[in-house]
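The values are calculated or read from the model by the stated rules, or taken from the named source; none is laboratory data. These figures come from a predicted structure and were not determined experimentally. With ideal geometry, Cβ positions are generated from the backbone for all residues, glycine too; neighbour counts draw on all protein chains shown. Heavy atoms of the whole protein, side chains included, go into the accessibility calculation; ligands, DNA and RNA do not. Shrake-Rupley method; radii C 1.70, N 1.55, O 1.52, S 1.80 Å.
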Amino acid sequence: MTAKLVLENLKHKPMRSLLSILLIGVPVTLILCLVGLSHGFLEDSQRRTRGIGADVIVRPPGSTLLTLSGGISDKIVDWLGKQPHVKMAVGAVNQPVQGITLGATGIDLKQFDRMSGGFTYLHGGPFQAPGDVIIDQFYADQQRAHVGDRIVILNTPWRVSGIIEGGKLAHIVFPLGVLQEKTSHIGQVSQIYLKLDDVAHTAAVVEGLKEKLPDYPIYSMAEFTSLYNVNNIPALREFIIVIMAIGVIIGFAVVCLSMYMAVLQRTREIGILKSLGASQVFILRIILTEAVILGMGGTVLGIAMSFGACWLIRTAEPASIPMVIVPIWWAIAGVVTLAGAALGALYPGVSAARHDTIEALSYE
């Protein structure tokens, strides 16, 4: 009985119902896109770091997960390469290209190939001249670039010598010396990757190097990649909570307005129901059920729109904005939305349940 009344009410004003679902779906999409972007950035960084093939990473003093402070002398690279159990040490220069969303890396290609097994070239090949750059498939798609094309990076035109498979080191790769000169880091690197003779010695090597270089953040690669977590990014978790709160408020406001208008339009109907013996609880249940259905519809629509947003972002900016779909958040976004919808329907529902039967029947 309740379900039939609710469905008939929704069908009676289809445009109002559809607009309510759409407006509820917007904050769901907002939440899912934000979560998808944060997870996408972290998973992309994690995957590219793992692809390096190193066992230990040494970063400059004062560095954090998201920032590099200063540089490290080339001499330390040579010194690290001579430490016990260190098979080779490779220095790299990192340079932001688009804020923190996209960066370039300068590397000694021969040394990097020895450490990682080399890039997988989809088109073209290694550097042929100092003005060459290697880009991955994501950045090539973003720039609509092909081997031999010239693209502008860091305000300088570069020739694309090779397009590589994504997921290793960086989206943009330069020769080490070229990027050092371009960024005024001659004789310095941003961080150092160490390859050990046996991965079983990783913990001992890390502890030994921390004693010799107490000011330098030194991690095993397993430990470093584990730091790529939403909870480790300053203020990101709080930002997501704020966005969820905004979602609740929007859902509350939309449903409250929609249900309030519905109650006004159905005053006479409510009077008839009460005259037939409907209790206040029954009336309230109808209003809350309708709100929950609108919330569920908004959640489904929001999830669908998040797929559309993900496709659009991946098509337009696959390297700069690596968004992913995070299914576990569908339920969370749904609960947040339904909570906002239920709260928004509470006042109109109570108001409808308290209508005087005689007044409601005489309402025109």
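Of all residues in the stretch 132-165, which are in a loop (DSSP other than H, G, I, E, B), over 14 Å from ASN94 (Cα atoms) and open to solvent by 30 Å² or more (accessible area, probe 1.4 Å)? Selection gives ARG144, HIS146, VAL147, GLY148, ASP149, ASN155, GLU165.
Going through (1) under 26 Å from VAL242 (Cβ atoms); (2) free of Cβ contacts under 8 Å to residues at least 12 places away in the same chain one by one, LYS82 falls short only on (1).
Has the stretch 105-112 got at least one residue that is crowded, with 19+ Cβ neighbours inside 10 Å, in contact (Cβ under 8 Å) with a residue 24 or more places away in the chain and part of a helix (DSSP H, G or I)? Yes, that holds for at least one residue. Every condition in (1) under 24 Å from CYS256 (Cβ atoms); (2) β-branched (Val, Ile, Thr); (3) crowded, with 17+ Cβ neighbours inside 10 Å; (4) out of contact with any Gly (no Cβ under 6 Å at 6 or more places or on another chain) holds for ILE332 except the one numbered (3).
Here SER226 clears all of (1) free of Cβ contacts under 8 Å to residues at least 12 places away in the same chain; (2) in contact with a helix residue (DSSP H, G or I) (Cβ under 9 Å, 6 or more places away or on another chain); (3) over 20 Å from SER45 (Cβ atoms) except the condition numbered (3).
Which residue out of ALA319, ALA353 is crowded, with 20+ Cβ neighbours inside 10 Å, at pLDDT below 85 and among the aliphatic types (A, V, I, L, M)?
Working: ALA319 fails: at pLDDT below 85.
Answer to the check: ALA353.
Considering GLU211, GLU238, the condition of being surrounded by fewer than 16 Cβ atoms within 10 Å (Cβ to Cβ), within 34 Å of the chain's Cα centre (by Cα) and either of a type in the set (S, T, N, Q) or modelled with pLDDT of 75 or more (or both) is satisfied by GLU238 alone.
What do you reckon, is TYR216 among the hydroxyl-bearing types (Ser, Thr, Tyr), outside any helix (DSSP H, G or I), under 29 Å from LYS87 (Cβ atoms) and modelled with pLDDT under 90?
Numbers: among the hydroxyl-bearing types (Ser, Thr, Tyr): yes; outside any helix (DSSP H, G or I): yes; under 29 Å from LYS87 (Cβ atoms): yes; modelled with pLDDT under 90: no.
Judged against the criteria, TYR216 is not a match.
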